[in-house]
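Please read the structure below before turning to the comments.
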2 protein chains.
Amino acid sequence: MPVSEVNVSLSSQEPSGQPVQDVHVLRPLRIAIFGFGTVGSSVARILTESQPEGLKLTHVFNRGVARKRVDWAASDVVWSEDSEAVLTSDADVIVELVGGLDPAGVWIRRALAAGKSVVTANKKLIAFHGVELERLAAAHGGHLKYGAAVAGGIPVIPGLEQGLAGDRIDRIEGILNGTCNFILSKMEEGAEYATVLATAQARGYAEADPTEDVGGFDARAKLAILMRLALRVEVNPEEIVPRPITTISAVDFSYARDLGCTIRQVARAQRTDGTVAATVGPMLVDSRSPLAWSRGTENMVILSGHYGGDVVFSGHGAGGHPTAVAVVSDLLALAHGSRRVGLPSAKATVAAEFEVPHYIRFLVDDRPGIVSEITGALARERINIRAIVQKPGYPQHALPFVVTVEPCKSSALQRALEQMKLMDCLLEAPLDLQMLE
Amino acid sequence: MPVSEVNVSLSSQEPSGQPVQDVHVLRPLRIAIFGFGTVGSSVARILTESQPEGLKLTHVFNRGVARKRVDWAASDVVWSEDSEAVLTSDADVIVELVGGLDPAGVWIRRALAAGKSVVTANKKLIAFHGVELERLAAAHGGHLKYGAAVAGGIPVIPGLEQGLAGDRIDRIEGILNGTCNFILSKMEEGAEYATVLATAQARGYAEADPTEDVGGFDARAKLAILMRLALRVEVNPEEIVPRPITTISAVDFSYARDLGCTIRQVARAQRTDGTVAATVGPMLVDSRSPLAWSRGTENMVILSGHYGGDVVFSGHGAGGHPTAVAVVSDLLALAHGSRRVGLPSAKATVAAEFEVPHYIRFLVDDRPGIVSEITGALARERINIRAIVQKPGYPQHALPFVVTVEPCKSSALQRALEQMKLMDCLLEAPLDLQMLE
């Protein structure tokens with residue numbers, strides 16, 4: 001039986017006028033999991049325990065699969081370390097949980113070209129090649145679903161596609177990286193960056209090399225995906241310049257608290273008059289705002305619609321089980337014949353220009369005239385100062401103090417900061433953070 | 001052309017192996033709006049302004065439609081006060097926004113029986129007859145969608161069906177009625193019930209007869225719908241006993257604050273060991289909990305999944321534009337051939353038995369021995385007291401004081417309260433509220 005005939009949905013007879021088969025399944029979707037790590041094993045666990053009607057785990061591919069094999073899966077599951085054999089098997093859907101661009105991308109392209117459907121949690125691949133892969137799927141009669149790629153267990157992608165398609169989303173603000181949120185919310189409670197990072201690594205929340213997370217690269221891939229679905233713009237993720245959270249120290253949390261704020265890694269994008277701005281990095285968020293509610297590894301997404309106003313989604317963005325829920329939900333949607341509400345998107349370039357208030361923290365070897373020089377640099381760019389805060393208790397030769405400014409263009413502030421960097425009393429480059437209001 | 005041929009989805013050619021038409025639409029869905037009030041007019045506004053591909057407003061039905069007619073809609077829209085003519089027209093989808101069981105139910109049944117699809121915001125009809133109407137739709141090749149029926153602008157129904165289908169939801173907690181939330185969050189700030197109700201009525205947030213809202217009937221219909229989709233149980237909404245918010249007074253907010261809480265109308269349901277419990281009414285919620293974040297007319301739904309943990313949705317639950325976004329999104333999903341992920345549900349009876357802590361507020365004509373009698377009644381039911389709080393400043397002859405108790409069965413507490421009601425010093429029946437933890 002050719003794959004194109006096998007890979008029909010359960011409700012495929014519907015357009016011919018027959019009753020919809022919502023519940024009674026004609027033939028289960030045959031599922032091959034690629035990558036049997038935490039998420040892959042959770043997917044298998046849910047499929048085995050819950051036995052969702054219409055889904056059957058048939059293959060597991062992993063390098064050195066022998067050590068992965070579990071005794072609780074059905075005895076007829078094929079465990080294989082031969083990707084080629086699984087790709088050419090009678091599986092209808094490939095669940096790709098290996099991550100990264102290659103070889104995951106090669107496998108997904110081969111599966112789609114063969115008319116199979118693909119469910120993936122691979123944010124990087126979808127951020128960089130999602131449009132191309134969706135076209136490939138459509139051209140061969142298969143489907144590509146990636147609800148697990150952004151904010152794992154939170155149904156933001158289905159919510160957007162199926163429940164907010166009727167709105168025009170103008171703004172996205174998200175806490176999209178659980179590792180950064182864990183680190184920053186622990187630092188808020190007084191812990192030091194290095195200590196929390198070590199804890200996060202010990203608990204499996206952070207990689208040995210945490211750059212993808214703390215550098216903002218993971219969050220920017222997710223933001224690029226959300227931008228396509230919500231703002232309907234196709235962007236090159238590399239045009240979104242991330243800022244690392246590693247520049248934040250205890251003194252910033254102390255100043256933030258005095259300003260009624262805390263600090264979170266925020267991914268934000270907005271559309272204004274035909275231009276699209278996006279950025280990822282640590283930002284000051286009001287302690288009473290939803291973004292400050294997120295603690296530990298939680299994720300949160302706030303979508304602002306022209307008609308519907310703000311919608312907030314929050315929950316567990318990562319981890320084996322929450323991510324697996326998104327994967328299994330995508331599989332059920334495929335089995336029930338649910339289709340993407342594919343809205344038109346257009347290519348766009350990303351600007352980094354926001355007009356928002358900023359927090360600027362200086363670390364100086366104190367001497368007379370510093371404040372005058374700093375405020376002079378701001379004045380030359382017509383940036384208004386909101387507050388100058390200097391807390392007691394720090395040494396004169398390594399004195400941190402903070403200037404907050406009224407909403408100003410990012411480019412104007414950058415020019416002012418370039419001038420300030422010439423000041424010889426600065427012990428390090430000023431730290432500037434957007435303030436979300 | 002018979003209706004059954006017209007009413008195919010845009011991607012209907014897909015199962016035969018042709019490319020999916022995600023964006024290019026073959027023939028727009030022809031849309032008839034029944035009920036041109038706030039929501040109906042917002043739906044027409046979005047369809048006219050945004051011109052979503054694949055959707056075309058063709059008919060508007062309303063009694064006395066002449067006074068409803070607007071000049072910004074397309075000139076070829078048919079404005080009619082003849083429901084029969086519109087139901088038998090060439091419209092593919094009926095958007096029912098009249099509300100109530102009858103005649104809305106008659107119209108919807110006739111449309112579905114003719115093979116048309118229906119999009120509705122009618123929570124009462126769906127709560128009482130949703131299962132039957134879905135079967136009717138399936139039997140005639142049409143579809144029934146009601147994303148706007150619960151929490152209007154918040155995509156909780158699509159999120160549940162498409163993004164959480166892979167989980168097993170064990171618990172629902174929701175702020176599902178914007179009127180009650182507006183009233184209670186204003187009372188939290190110090191306003192009196194009657195004053196806030198009048199404001200809500202003046203702003204159009206509350207009806208002249210507010211019983212549906214403040215009595216909990218509106219929220220219980222929405223809860224019944226969520227219970228079917230999330231807990232997968234079909235219940236008779238009338239088995240969910242609502243408690244009105246009218247029993248709450250300023251003194252309760254004062255005591256709640258001392259306990260680190262506030263008061264919200266909460267709809268909750270949970271499944272434990274094969275039994276299903278559900279209730280709607282004012283409850284004490286921890287000030288640090290998500291439910292306390294909801295202010296004004298906002299709605300919030302928290303779903304607790306066995307695998308994915310808690311997911312929180314919040315936003316504008318009602319109002320013309322947010323509700324219209326849900327309607328238009330449902331229309332787009334129909335146009336794109338997206339199908340419900342229909343999961344099996346089973347009939348169940350609703351218990352009111354929760355095992356949670358309670359807040360009990362007494363109003364007494366003070367005399368010696370009262371506390372002893374109350375604590376005696378609780379002790380006989382083996383209910384442990386957590387705290388007894390009596391704030392100063394109230395008159396002896398009308399003294400409010402509060403007892404909080406450790407988690408106990410609702411039935412045991414009811415027996416204790418029945419005993420207490422025999423005490424002649426009580427000026428009114430004790431007010432007991434569940435405390436959410």
**OP:** Scan (1) within 14 Å of another protein chain (Cβ to nearest Cβ); (2) buried (at least 24 other Cβ atoms within 10 Å of the Cβ); (3) more than 30 Å from A:R45 (Cβ to Cβ); (4) of a type outside the set (G, A, S) for the single condition B:D286 breaks and write down its number.
**Re:** (2)
Original post:
What number goes with the only condition from (1) within 14 Å of chain A (Cβ to nearest Cβ); (2) under 22 Å from B:V403 (Cα atoms) that B:D258 does not pass?
Top reply: (1)
Original post:
How many residues does the stretch A:136-150 hold that are within 28 Å of B:V327 (Cβ to Cβ), part of a loop (DSSP other than H, G, I, E, B) and either at the interface with chain B (Cβ under 10 Å from one of its Cβ atoms) or out of contact with any Lys or Arg (no Cβ under 9 Å at 6 or more places or on another chain) (or both)?
Top reply: 2
**OP:** Report yes if A:G369 is at positive phi, at pLDDT below 95 and out of contact with any strand residue (DSSP E or B) (no Cβ under 7 Å at 6 or more places or on another chain), otherwise no.
**Re:** yes
Subject >> Within the stretch B:151-172, tally of residues that are surrounded by 24 or more Cβ atoms within 10 Å (Cβ to Cβ) and assigned to a loop (DSSP other than H, G, I, E, B) >> reply: 9
**OP:** Would you mind finding the one in A:L422, A:L413, A:L426, A:L378 that is outside the structural domain of A:A267 (by TED's automatic domain parsing), touching an Asp or Glu at 6+ places or on another chain (Cβ under 7 Å) and of a type in the set (A, V, I, L, M)?
**Re:** A:L413
Subject >> Selection within the stretch A:294-314 - at pLDDT below 95 and of a type in the set (D, E) >> reply: A:E298
Original post:
Residues of the stretch A:85-111 being touching a residue at least 60 places away in the same chain (Cβ under 8 Å), among the acidic types (D, E) and part of a loop (DSSP other than H, G, I, E, B), which ones?
Top reply: A:D90, A:D92
Subject >> Among residues of the stretch A:314-340, those that are within 8 Å of chain B (Cβ to nearest Cβ), under 13 Å from B:Y307 (Cβ atoms) and not in a strand (DSSP E or B), counted >> reply: 8
**OP:** Exactly one condition in (1) surrounded by fewer than 24 Cβ atoms within 10 Å (Cβ to Cβ); (2) within 13 Å of chain A (Cβ to nearest Cβ) is not met by B:A121; state its number.
**Re:** (1)
**OP:** Could you please find all residues in the stretch B:270-293 being more than 26 Å from B:R361 (Cβ to Cβ) and either at pLDDT 95 or above or touching a Leu at 6+ places or on another chain (Cβ under 6 Å) (or both)?
**Re:** B:R271, B:V276
**OP:** Would you please list the contacts, defined by Cβ atoms under 6 Å and residues six or more apart or on different chains, that run from a residue in the stretch B:257-268 that is more than 12 Å from B:M187 (Cβ to Cβ) to a residue that is outside any strand (DSSP E or B) and modelled with pLDDT of 95 or more?
**Re:** B:A267/B:L176; B:A267/B:A219; B:A267/B:L223
Original post:
If you go through the stretch B:74-84, how many residues are in contact with a strand residue (DSSP E or B) (Cβ under 7 Å, 6 or more places away or on another chain), under 24 Å from B:S50 (Cβ atoms) and outside any strand (DSSP E or B)?
Top reply: 2
Subject >> Conditions (1) under 15 Å from the mean Cα position of the chain (by Cα); (2) in the same structural domain as B:S314 (by TED's automatic domain parsing): number failed by B:G190 >> reply: (1)
**OP:** For the stretch B:291-313, name all the residues that are within 19 Å of A:E161 (Cβ to Cβ) and either facing another protein chain (nearest Cβ under 9 Å) or surrounded by fewer than 23 Cβ atoms within 10 Å (Cβ to Cβ) (or both).
**Re:** B:L303, B:G308, B:V311, B:F313
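The values are calculated or read from the model by the stated rules, or taken from the named source; none is laboratory data. Since the model is a prediction, treat every value here as computed from it, not as a measurement. So basically every Cβ, Gly included, is an ideal-geometry build from the backbone, and we count neighbours across all protein chains shown.
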